[in-house]
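The values are calculated or read from the model by the stated rules, or taken from the named source; none is laboratory data. The structure displayed is predicted, hence computed values, not measured ones. Cβ atoms come from the backbone with ideal geometry, glycine included; neighbour counts cover every protein chain shown. Please note that ligands, DNA and RNA were not included when accessible areas were found on the heavy atoms of the full protein model with its side chains. Shrake-Rupley method; radii C 1.70, N 1.55, O 1.52, S 1.80 Å.
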Amino acid sequence: MDSSQLHVAIVSSPGMGHLIPVLVLGNQLATHHNIKITILAITTNSSSAETKFLKKFNNEKISNVEIVPIPSVDISHLIDSSTKVFTRLRILVREALPGIRRAIASMTHRGPDALVVDLFCTQIAEEFNIPKYAYHPTTAWTLALAIYCRVFDKEIEGEYVDLQQPLKIPGCKALRPDEVVDPMLDRRDQQYEEYIKMGIEYASFDGILINTWEDLEGETVKALRSNDKLRSILKVPIYPIGPLRRTVEITEPDEVIQWLDKQNHESVLFVCFGSGGTMSSQQMTELAWGLELSQQKFVWVVRPPFDGDADSAYLNSTGNDTRGVLEYLPEGFLTRTKDMSLVVPMWARQVDILSHSSVGGFMSHCGWNSTIESLTNGVPIIAWPLHAEQKMNAAMLTEELGVAIRPAVLPTKKLVKREEIQEMVKILMQAKEGKGIREKAKKLKMSAENALSEGGSSYNSICELVKDIRTR
Ligand code: UDP
């Protein structure tokens with residue numbers, strides 16, 4: 001590393017959905033801007049998918065990128081069975097702080113010139129006396145909500161979910177009460193307090209990076225930059241730098257890809273609900289029947305059902321423990337659908353699958369990584385939000401962007417019956433309506449490519465960010 005080369009440390013919070021965007025960001029800054037990157041990845045014992053992924057990434061040895069795993073900490077004495085995932089993540093990060101301090105102190109060659117932290121790590125930044133940036137790895141809309149929620153907190157009484165009117169975030173699309181992010185569901189729960197704090201902490205950074213692009217969320221980006229009410233809270237620059245996403249990673253033969261190679265163009269529906277979302281056993285049975293009845297070809301990544309909170313597997317994803325998973329499917333399902341489907345337990349190479357030309361639709365929980373992996377491949381979506389901010393993502397995809405359809409009632413509120421599932425698959429994959437949705441998804445693919453190409457809005461935004469780091 002020469003003395004003029006910038007060094008940026010990026011801290012990622014636990015969970016695949018957080019680790020992946022940080023690795024992609026690091027890779028982008030290292031490869032295109034010749035910045036030395038150290039990724040401090042807070043790990044958990046429970047996710048072997050995470051460990052495997054880190055190992056693989058390290059083996060690839062991307063020049064200029066070093067990954068330092070921050071050992072997992074035991075927080076069992078600080079939580080109980082009712083502690084929500086949002087709170088657990090904030091506690092995990094707080095408790096990992098000594099490990100982060102040690103890792104930064106031990107950078108013998110040269111410490112970082114700037115620090116970037118992702119959304120659950122905003123609490124740790126204040127003690128490091130270097131330029132600091134927060135990375136919001138999801139939409140501008142959810143950033144606006146996180147920042148403005150402190151105002152709602154003062155002005156609104158009672159639970160948000162009981163409101164009769166949508167929540168009005170200045171300059172942004174209104175938010176329906178039943179689509180608020182999980183931490184806003186119960187104002188007495190600790191996760192709400194943590195969420196408000198996170199919004200306040202965001203405002204103390206030197207800038208905020210967002211994994212979106214101007215063409216996708218023009219109105220919201222504009223509001224974050226110039227709406228008086230939002231700017232009175234958030235005075236720092238925002239950098240829409242997306243869509244940052246993993247690229248195709250096929251290195252060895254893969255059963256799913258080989259199966260897709262034999263299918264017709266855009267004929268397969270890919271069904272996958274992220275790294276930690278779960279659905280009830282009854283819902284899983286309906287889904288299996290709905291897919292079977294649709295007679296559409298599909299690839300389904302199956303995870304064990306769970307009859308509690310939809311995010312309960314988030315910090316507990318066993319990754320490669322596939323034992324017994326397929327036993328949860330209805331009797332005879334695998335035999336009856338063997339000519340039209342491939343069922344994969346636990347984990348599949350989603351990026352490779354979504355970029356395959358045989359895939360024509362994606363039934364997704366609308367996690368933001370999954371969403372941009374779909375949009376950047378021009379694949380339309382059946383939106384099936386489960387937890388976190390996914391209901392907001394689903395609303396944006398269906399109502400604002402027109403690249404998705406979704407069940408009539410939120411899947412977390414009411415069972416989605418097999419007939420409705422069958423109908424949605426037919427609409428997306430076969431009907432005229434689906435064609436229009438597909439065309440819109442393809443347009444967004446182009447718009448994403450334009451944003452990232454030289455002179456595009458996200459390309460320019462990253463250049464401005466790098467310039468800002470250099471001048472500080
Ligand atoms: N993923 C994958 N294979 C799977 C499930 C998930 O590769 O079987 C990847 C997916 O491509 C995405 C990430 O895991 O990059 C999930 O992130 P997302 O934000 O969509 O959802 P989360 O898992 O955080 O709910």
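For the reader, a short list of remarks on this structure follows.
- Qualifying residue in the range 60-77 (condition: assigned to a helix (DSSP H, G or I) and at pLDDT 95 or above): yes
- Hey, Gly171 over 30 Å from Leu401 (Cβ atoms), small (Gly, Ala, Ser) and not in a strand (DSSP E or B) or not: no
Residue-wise test of (1) among the basic types (Lys, Arg); (2) buried (at least 17 other Cβ atoms within 10 Å of the Cβ); (3) on the phi > 0 side of the Ramachandran plot.
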site	(1), (2), (3)
Lys426	yes, no, no
Met429	no, yes, no
Lys432	yes, no, no
Arg438	yes, yes, no
Met446	no, no, no
Ser457	no, yes, no
Glu464	no, no, no
Arg470	yes, no, no
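- Residue that is nearest to the ligand (Cβ to nearest atom), among those in the range 368-414 that are in contact with a Ser or Thr (Cβ under 6 Å, 6 or more places away or on another chain) and of a type in the set (S, T, N, Q): Ser370
- In the range 96-111, residue modelled with the highest pLDDT [restricted to those that are exposed (fewer than 14 other Cβ atoms within 10 Å of the Cβ) and in a loop (DSSP other than H, G, I, E, B)]: Ser106
- Across the range 25-43, the number of residues qualifying as within 16 Å of the ligand (Cβ to nearest atom), in contact (Cβ under 8 Å) with a residue 40 or more places away in the chain and open to solvent by 20 Å² or more (accessible area, probe 1.4 Å) comes to 1.
- Residue in the range 235-288 that is nearest to the ligand (Cβ to nearest atom), counting only those that are open to solvent by 30 Å² or more (accessible area, probe 1.4 Å), without any contact (Cβ under 8 Å) to a residue 60 or more places away in the chain and in a helix (DSSP H, G or I): Gln258
- Being surrounded by fewer than 22 Cβ atoms within 10 Å (Cβ to Cβ) and either more than 15 Å from Val256 (Cα to Cα) or within 8 Å of the ligand (Cβ to nearest atom) (or both) is a description that applies to Met346.
- Filtering the range 307-332 to residues that are at pLDDT 95 or above and closer than 23 Å to Asp254 by Cβ leaves only Leu329.
- Scanning the range 351-374 for residues that are under 13 Å from the mean Cα position of the chain (by Cα) and either open to solvent by 10 Å² or more (accessible area, probe 1.4 Å) or in contact (Cβ under 8 Å) with a residue 40 or more places away in the chain (or both) yields Ser364, His365, Gly367, Trp368, Asn369, Ser370, Ile372, Glu373, Ser374.
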